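Some notes on the structure that comes next.
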Amino acid sequence: MNDYSQMWSDLGIDIPSHNILMTALPELYTDVYLSQPDRPQGMAYFDGLISQLHGERIQELLEHKQRGGKVLATMCVFVPEEIVLACGAIAVGLCGGIDWATNEVEKVLPRNMCALIKSFMGFKLGKVCPYFEVADLVVGETTCDGKKKSFEVLGDYIPVHVMETPQMKNLIDYQMWDAELQRFIEVVENLTGNKISAASLQNGISKVNNKRKALQRLSATRKADPSPISGKDALLIYQTAFYDDIDRFTAKVNVLCDELEQRISAAATQHTVPDKLRIMVSGTPMAVPNWKIPHLIESAGGRIVFDEMCTGERYFQNLVAQPEGKSVAQMVTDITRRSLEIDCACFTPNQVRIDKVIAKTAEYNVDGVIHYALQSCDPFTIEGFRMEKQLKEAGIAIMRLETDYSQEDVGQLQTRIEAFLETLAERKG
Ligand code: BJ8
C-alpha cells in the first residue's frame, strides 16, 4: 500500500490524530464487513475504495486540481452534482459518521447537536479529513436549523456557500429553488471559470442519472428473497457513491449488479433458503463509518433489504428528466422538479415519505421497519412518531430508535433490536 503521509502533511492534516483514526477503522471494517460470509466478489472493489478513501482518491482529486479543476464538498443530496460536473468540477461528500474532536467542537457548537453535524465539524477542527482540505468550497444548505447555523460557524474555517432549500412544495418553493440553482450556477461558474452550456449540463445530467440508475438496479436486486447482498454491503455502496469518480463508480455498481442478478437466477433453481426476517431501515442518513445499527440488525439475524435514507433510496429514487434537446433553463427546471421530489423530513407536510414506506414494505416483502433518528435531529425524530402511528394502523411492525455515534448504548440497542426481531419471527410464524 502506498504511503500518503507526505500528501496528508502537505494538506495540513494533523498526522498523529489522523493515524489514530486510520488505525481504528481497519479493525472496525474487518469486524463489520470482512467477517460476513459469502460476500459478492464485486464487493472487493468497494472494500478497496474504502481502504483508499483518504489515499488514492485524494490523490486523484489533487491531480484534478493540478490540472486547474475545482472540488466542491457537500453534505446533502439537494446540492445538484449535475451543475458541479457541468462546470468541470467534482463534488464529494464530507466525512461525518464518527465522533471526532468533540472537545473542540463543543467550543463552537452546543453539546446537544445531532452527531452528524458535530462529526463533520470535528473532522474540520481536528484536521483529519482530507476532503475538507482539498475542497475549494463547501456547499451547505438550510435543510434543518442545526445545519443552517453550523455552516455559518464552518464559514470561519473554510469558504462556504449556503443554498436556501425549500421547506414546502408550493409554486413559490419551486420558483425559489429554481432561483437558488441559478445563483449556484453563478457561484460554480465564478469558482471554476467555466460557463455552463447546454451540452455540458446535458452531460452532467446524463452522468448523474446513470449513477442513480445503477443504484436503482442494485436496490431492485434486493427485492429477491433471499436478497443477494447484505444490507451492510448495500449501505457501503450508497455511502461511497458520494466519494468515488462517477463513471468508474457507475461501471462498478453495474458489474456488481450483473453478479447479483446471476445469484438471484441461481437461487431460483437451487431452492435457496429465504431470508429469515426482511427489514427496512428508514430515517436519517448514515455517513461513513456509521454502521452501528445495520451491524446490530444483521448480527441479530435480520436482513436489511431497503434503506429509506439519503444514504439509500432518497438519493437515487428519482431521475432528472431526459435532457436531450433542451436549453440550460429547461434543464435547470427539470433539476428543480427532481429536487422537490426528495422526501426529506425537513419538508412539511411530508406525508409522501410515509406513503412511500408503506408501499415499499409490500414491494420488498418487508417484515418490519426500524426507524432510525439521530438524537437531537428534530425533523426525523418528530416525523418518526407519525410514521409509527400510520404504519401500525396499516398493520406494519415498526420500532423507533434514537441514538448517536457513541458505543455506550450498544448493549441496550442490541436488546431492543433482538426483542423486535423475535416479535417479527413470532408474527411470521
Ligand atoms: S435531504 S436527510 S442529506 S438534510 S440528522 S443534519 S436533518 S439534525 S441530514 Fe439530510 Fe439533506 Fe435531508 Fe437528506 Fe439536520 Fe437531522 Fe442532523 Fe440531518
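Charge tally for residue 267 (other residues, Cβ to Cβ under 14 Å; Lys, Arg +1; Asp, Glu -1): -1.
Counting only Cβ charges, +1 for Lys and Arg and -1 for Asp and Glu, the dipole size of the range 1-126 around its Cα centre is about 420 debye.
The charge dipole of the chain, taken about the Cα centre with unit charges on the Cβ atoms of Lys, Arg (+1) and Asp, Glu (-1), comes to about 760 debye, rounded to the nearest 20.
Placing unit charges on the Cβ atoms only, positive for Lys and Arg and negative for Asp and Glu, gives the range 248-297 a dipole magnitude near 200 debye about its Cα centre. Go through 394, 85, 204 and say which Cα lies farthest out towards the positive end of the charge dipole of the chain; charges sit on Cβ, +1 for Lys and Arg, -1 for Asp and Glu. Farthest towards the positive pole: 394.
If one computes P(r) from the Cα atoms of the chain, what percent of pairs lie at distances over 40 Å? Counting pairs separated by more than 40 Å, the tail of P(r) holds 14 percent. Just check the range 45-92 against the gyration tensor rule for me: Cα atoms, a ≥ b ≥ c as the square roots of the eigenvalues, rounded for a/c under 1.5, and otherwise prolate or oblate depending on whether a/b exceeds b/c. Taking the square roots of the gyration eigenvalues as a ≥ b ≥ c, the range 45-92 is oblate.
Computed from Cα positions, the angle between helix 328-339 and the longest principal axis of the chain comes to roughly 30 degrees.
Only Cα pairs under 8 Å and 6+ residues apart enter the sum, and on that basis the relative contact order of the chain stands at 17 percent.
Model label points for residue 152 and residue 414, set 7 angstrom from Cα along the Cα-to-Cβ axis, are 4.3 nm apart. Taking every alpha-carbon pair under 8 Å whose residues sit at least 6 apart, the range 60-208 reaches a relative contact order of 29 percent. Ranking 168, 137, 116 by how far each Cα lies toward the positive end of the dipole of the range 111-179 (charges on Cβ) leaves 116 at the top.
Helix 198-221 and the longest principal axis of the C-alpha atoms of the chain enclose an angle of approximately 20°. Secondary-structure-derived ellipticity at 222 nm for the chain, considering helices only, amounts to -17000 deg cm²/dmol, per-run term -39500 (n - 2.57) for DSSP H runs with n ≥ 4.
Could you tally the net charge around residue 257, taking each other residue with its Cβ under 14 Å from the Cβ of residue 257, Lys/Arg +1 and Asp/Glu -1? Around residue 257, the surrounding residues sum to +4. Packing, taken as the mean count of other beta carbons within 10 Å per residue, orders the peptides 213-220, 106-113 from highest to lowest as 213-220, 106-113.
With a Förster radius of 60 Å applied to the C-beta separation of residue 348 and residue 2, the computed FRET efficiency comes to 0.80. Would you mind getting me the FRET efficiency between residue 426 and residue 268? Use the beta-carbon distance for r and R0 = 22 Å, nearest 0.05. The formula returns an efficiency of 0.15 here. Of the cross-linked pairs 127/148; 207/292; 360/428; 124/207, those separated by over 24 Å at the C-alpha level are 207/292; 124/207. For the chain, the longest principal axis of the alpha carbon atoms and the long axis of helix 56-66 meet at an angle near 20°.
We did not get these values from a lab; they are worked out from the coordinates using the rules stated. Small disclaimer: the values here were computed from a predicted structure and weren't measured. Cβ atoms come from the backbone with ideal geometry, glycine included; neighbour counts cover every protein chain shown.
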